[in-house]
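Rule-based calculations on the coordinates, nothing more; no lab input. It should be emphasised that the depicted structure is a prediction, and the values quoted were computed from it without experimental measurement. All Cβ positions, glycine included, derive from the backbone under ideal geometry; neighbour counts span all protein chains shown.
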Amino acid sequence: MFDTLTEKLGAVFDRLSGRGTLSESDVDTAMREIRIALLEADVALPVVRDFIEKVRGRAVGQAVVKSVSPAQMVVKIVHDALVETLGGEEGEGLDLAAQPPVPVLMVGLQGSGKTTTSAKLALTLKKQKKRVLMASLDVYRPAAQEQLALLGKQIGVDVLPIIVGEKPAAIANRAMAEARRGGYDVVILDTAGRLSVDLDMMAEAAEIRNIVNPKETLLVVDALTGQDAVGVAREFNEKIGVTGIVLTRIDGDSRGGAALSMKAVTGRPIKFLGAGEKIEALEPFHPDRLAGRILGMGDVVSLVETAAEKMDKDEAERVAKRMMEGRFDLNDMLSQLHQMQQMGDLKSMLGLLPGMGRFKKQIDEANIDPKVFKRQEAIILSMTPVERRNPDIIKASRKKRIACGCGLSVQDVNRLLKQYEQVADMMKKVKKAGKRGLFGGLPAGFGGGFGGMPIFPF
Amino acid sequence: MSWFEKIKNGLARTAAPLVEGIGAMLTKRRLDKDTLTGLEDVLIMADVGAKTAAELVGELGREKFGKDVTDGEVRAFFADKIAERLEPYARPLVLDETKKPFVILMVGVNGAGKTTTIGKMAKSFRDKGLKVRLAAADTFRAAAVEQLKVWGERAGCPVVSRETGADAAGLVFDAITESQKAGDDVLFVDTAGRLQNKTELMDELKKIIRIVKKKIPDAPHACLQVLDATVGQNAHSQVRLFSEAADVTGLVVTKLDGSAKGGVLLALADEFKKPVVLIGVGEKIEDLQAFDAKDYALSLMGISDRGDK
């Protein structure tokens, strides 16, 4: 997860002495690495092959600019090609330009997240002031209809009442009739999960399509899907006709290569992303972010968004301001520790950072344990307010008392104080250097990516 | 229909592209470098992963390079090697009858098929005359409890549940108490689906296990992780992180009757040495079967004759 393509390519190009233009053999070597990177990201092989051909053509003969390494150059070409393939324009929403009620059909494999996505889509449309009716055509999975009914209640969207024993086609008809009578704008039809090789079930979905003639047919696919994504997308598109793709579980740690496969095979846009089981609006799709993720380059934007979401912004600003002034005491450190914990698992967060691959070994060796923060927090919490403001006064006997208070050793207290000193020193330098020098004093790799986030050295 | 026939039929659709792919690669009779690369690609398309595919093809190359081969021979070769690799991990779930109840914890990401697998397992245990109870510890997803209740009715076993949003660990505590009182043979704990990189949800899972251990120190006696056959290389991360949090004792691979090949199993076996206890090859209750390495390998390669039968 941590090995980024840039590093792998860096190793390839390090062996090459000649610069100037990328030769065919340079590019061939690089393409092998890119191929593996894409396969590891679950991009389907036929798609990888086409993609590599396209990129090879662009890379050969490309003049190497002085300021960037050949590796960075190739990665940029690959990245741009990925963005292009994934769909250059972002935020392509639903096409609902038809006589209301406009039917939207949700299809996909079992467990891909159709029901949850239906509810999220309903909420998204509700926020756009649309009147939405949902109906579950899943008569197979136990309690599937109840699930949609419950979700509808949760988000305040009407759901077609359940009639036990009714067939999916009949439910579809009733949903459309009800929507016309009730003056709804959109009808979301949540179908049962089906395997693309199950001919009867695929025929059933096609029958439902013929009945309601949907304006949009959304294929819901799990971002964890492997090579099979290509087959699934092709079958659903051929047999039912897909107008767009929703990629779910994007909050997992998969690289999401399935999206590229499906886009390439069906030519249909990825319209939304689904993250989390809480019913919130669907997220728009950003090709550039996913491209970075597929290449294992880190997803800085997502990191910043996670940070923004989880952090107490005012508190962060207050600390940042104090840091700029070169003032930094243990209270500020405590606040940072707290925020670090809020942001969740350290390793997965570091995985979002670009260029973290080279630190993988150090991170693994250092064996960073989220509990470290908890312990450090406990140490500071065992100090008096005066001590927190003036750490200099903490001498032997105070240290002993603090160690007792938090159940740790004096060495642990010393370690924390040492760390604090290092940070405080750095802050003083920052003050001297002014704002521009802020990231200069940090270990390489930590600069840039953090943006306005509080910094905490390990 | 014999047991082998059934799994073969279930996997037949799964195998087709793989078999066709190998056939298409062997247009020349002599095994050369291009053919090997092509075969490697075919294996990768089955989610085997780049590393394992390279190893398998490497083995083929060492034995057969420059020789004449047919596609049947190549498939038989791969089937052999795959069976060999998986053999040590094809171990069924064995209930320890001295444990009452024998606690089985089901874990996995969302939509993998935990509840359905529990339903099917419960039914087959009931058919053998065992006393089974289900704990609906997925108190998060809407209607998850109802879904398990339907399975409880089908299998004829009681379901311990609380309203959605209730504390899962508390429910598990009650379920164990009831189960011990009733003298059950087996207690299934159905947990909510969770993505393995969500620390707080994995912590919740750890809490459930702590509670289980509080009541029965050596429980859960089995912790089964359910994997969807369509999952790709993310399966590695899933097994690693779930094992860290919950000490997974076995894997269940579902939805093998689809077009996905579950080839990631091969790489997983190598990496984690976890037994594969069950595979799902269809919707029916009897379609949840014990995993047999040889049958899996043969059917994956589209070989219909088991040879020794």
What's the local net charge at A:Lys395, with K and R +1, D and E -1, over the other residues with C-beta under 12 Å away?
-> +2
If you line up the long axis of helix B:3-25 against the longest principal axis of chain B, both from Cα atoms, how many degrees apart are they, to the nearest 10?
-> 40 degrees
Can you tell me the Rg and Dmax of the range A:83-155, counting just the alpha carbons, in angstroms?
-> 14.2, 42
May I ask for the Kirkwood hydrodynamic radius of the range B:134-203, worked out over all distinct Cα pairs and given in angstroms to one decimal?
-> 12.6 Å
Stretch gain in nm, segment A:Asp50-A:Glu207, where the contour uses 0.36 nm per residue and the Cα spacing is subtracted = 53.1 nm
Acute angle (nearest 10 degrees) that the helix B:199-215 long axis makes with the longest principal axis of chain B, alpha-carbon atoms | 60 degrees
Measure nothing but the geometry: give the 0 to 90° angle between the long axis through the Cα atoms of B:114-127 and the longest principal axis through the Cα atoms of chain B, rounded to 10°.
-> 80 degrees
Debye sum, Cα scatterers, the range A:102-287, no solvent: what log₁₀ I/I(0) at q = 0.16 1/Å?
-> -0.93
Divide by every residue of chain B the summed helix terms, -39500 (n - 2.57) for each DSSP H run of at least 4, and state the resulting mean residue ellipticity at 222 nm, rounded to the nearest 500 deg cm²/dmol.
-> -16000 deg cm²/dmol
Within the range B:110-189, which GluC sites (Glu not before Pro) sit in a loop by DSSP and count at most 14 neighbouring Cβ atoms inside 10 Å?
-> B:Glu163
Using Cα positions and a limit of under 16 Å, work out the aspartates and glutamates in reach of B:Lys99, with same-chain residues fewer than 8 apart set aside.
-> B:Glu178, B:Asp184, B:Asp185, B:Asp218
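Using the structure shown, select from A:Lys126/B:Lys123; A:Lys126/A:Lys239; A:Lys54/A:Lys271; A:Lys263/A:Lys371; A:Lys395/B:Lys207 the pairs with a Cα to Cα distance greater than 32 angstrom.
Result: A:Lys126/B:Lys123; A:Lys263/A:Lys371; A:Lys395/B:Lys207 exceed 32 Å.
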Expressed as a whole percent, how much of the Cα-Cα distance distribution for chain B exceeds 37 Å?
-> 21 percent
Take the Cα coordinates of the range B:196-301, assign each an equal point scatterer, and use the Debye formula without solvent to give log10 I(q)/I(0) at q = 0.11, 0.20, 0.23 Å⁻¹.
-> -0.38, -1.07, -1.26
For the range A:19-148, what is one quarter of the convex hull surface built on the Cα atoms, given in nm²?
-> 12.1 nm²
